[in-house]
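Novice: Have a look at the structure that comes next, please.
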Amino acid sequence: MAKTTTIHDCRLIEFPKNHQINGNLTSITNKEEVPFDIKRIYYLYDVPGGESRGAHGHRDLYQIMVALSGSFTVTLDDGNNKQSFHLYQPYQGLLIPPGLWRDLDTFSSGSICMVLASEVYEEADYFRNYEEFKLWKSSK
Ligand code: TYD
């Protein structure tokens with residue numbers, strides 16, 4: 001239930017690594033490391049160094065964020081508490097269940113943020129207003 005989700009429902013997932021002298025490989029598999037069916041993949045790139053993104057919440061969407069290159073910080077907010085994760089390892093993903101506000105900042109230049117998502121893009125799933133998000137979280 002997205003309304004009752006807290007920051008404690010987020011976690012870092014470690015994906016399988018195949019590290020070799022001639023380069024590394026990581027694989028991500030539906031229903032194995034990912035606890036939902038991936039319906040969409042998108043990625044942020046050419047984000048100017050130091051820029052911010054996010055500033056929204058989702059009603060039903062599950063996501064996993066991966067720093068494919070470079071680094072950035074994801075701050076999650078359940079309306080009562082906040083937790084920040086600095087992502088910089090391409091073999092780690094941050095699982096973000098629905099019902100959390102997120103801010104992304106401190107992008108290093110050239111970084112790539114890949115997002116695995118449980119649903120197709122739907123603007124109606126977004127909270128773009130923090131006060132509206134907080135009201136929804138505190139409502140019965
Ligand atoms: P948004 O989700 O607000 O990006 P961010 O959290 O990185 O700041 O989306 C930015 C714009 O891109 C917004 O106009 C919606 C559009 N968009 C799509 O068309 N398809 C998508 O899958 C996503 C995630 C966004």
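Novice: By accessible area of protein heavy atoms, probe 1.4 Å, what ranking do Lys82, Lys140, Lys3 get, highest first?
Specialist: Lys140, Lys82, Lys3
Novice: Excluding ligands, DNA and RNA, what is the solvent-accessible area per residue of segment 8-67 at a probe of 1.4 Å, expressed in Å²?
Specialist: For segment 8-67, the per-residue accessible area is 65 Å².
Novice: Among Thr106, Thr26, Thr73, which one shows the highest mean-square fluctuation when the chain is modelled as a Gaussian network with alpha-carbon springs under 10 Å?
Specialist: Greatest mean-square fluctuation among the candidates belongs to Thr26.
Novice: Then there is this: Hey, in the GNM for the chain with a 10 angstrom Cα cutoff, which one of Val120, Val34, Val47 fluctuates hardest?
Specialist: Val120
Novice: Right, here's the next one. How much accessible area does Ser139 have with a 1.4 Å probe, in Å² rounded to the nearest 10?
Specialist: Spelled out: Ser139, probe radius 1.4 Å, area about 50 Å².
Novice: Ignoring ligands, DNA and RNA, what percent of the 1.4 Å accessible area of the chain is carbon and sulfur?
Specialist: C and S atoms contribute 49 percent here.
Novice: Then there is this: Averaging sequence separations of C-alpha pairs under 8 Å and six or more residues apart, then dividing by the length of the chain, give the relative contact order as a whole percent.
Specialist: Over the chain, the number comes to 35 percent.
Novice: Once phi is turned into ³J(HN,Hα) by the Karplus curve 6.51 cos²θ - 1.76 cosθ + 1.60 with θ = phi - 60°, what whole-Hz value does each residue of segment 2-13 show in order, with x for glycine and proline?
Specialist: Values, residue by residue: 4, 4, 9, 4, 10, 4, 6, 8, 8, 7, 8, 10 Hz.
Novice: Rolling a 1.4 angstrom probe over the protein heavy atoms, how many square angstrom per residue are accessible across segment 97-140?
Specialist: In whole numbers, segment 97-140 has 51 Å² accessible per residue.
Novice: Let me have the 222 nm mean residue ellipticity of the chain computed from DSSP H runs of 4+ only, each contributing -39500 (n - 2.57), with the sum over all residues rounded to the nearest 500.
Specialist: -2000 deg cm²/dmol
Novice: If you don't mind, there's one more thing I want to ask. Segment 1-106: which GluC sites (Glu not before Pro) are DSSP loop and have at most 11 other beta-carbon atoms within 10 angstrom?
Specialist: The qualifying sites are Glu32.
Novice: Would you tell me the accessible area of Phe85, worked out with a 1.4 angstrom probe on the heavy atoms of the protein chains, in Å² to the nearest 10?
Specialist: Estimated to the nearest 10 Å², Phe85 gives 30 Å².
Novice: Please give the net charge around Phe72, taking every other residue with its beta carbon less than 12 angstrom from that of Phe72, where Lys and Arg add +1 and Asp and Glu add -1.
Specialist: That works out to -1.
Novice: Report, by chain and number, residues whose modeled amide H sits under 5 Å from the one on Arg40, excluding near sequence neighbours (fewer than 5 apart, same chain).
Specialist: Distant-sequence amide H within range of Arg40: Ala117, Glu119.
The values are calculated or read from the model by the stated rules, or taken from the named source; none is laboratory data. Remember, it's a predicted structure, so these values are computed and weren't measured experimentally. No Cβ is skipped: glycine too gets one built from the backbone with ideal geometry, and neighbour counts run over all protein chains shown. For the accessible areas, the whole protein counts, side chains as well, though only heavy atoms, and no ligand, DNA or RNA atoms are used. Shrake-Rupley method; radii C 1.70, N 1.55, O 1.52, S 1.80 Å.
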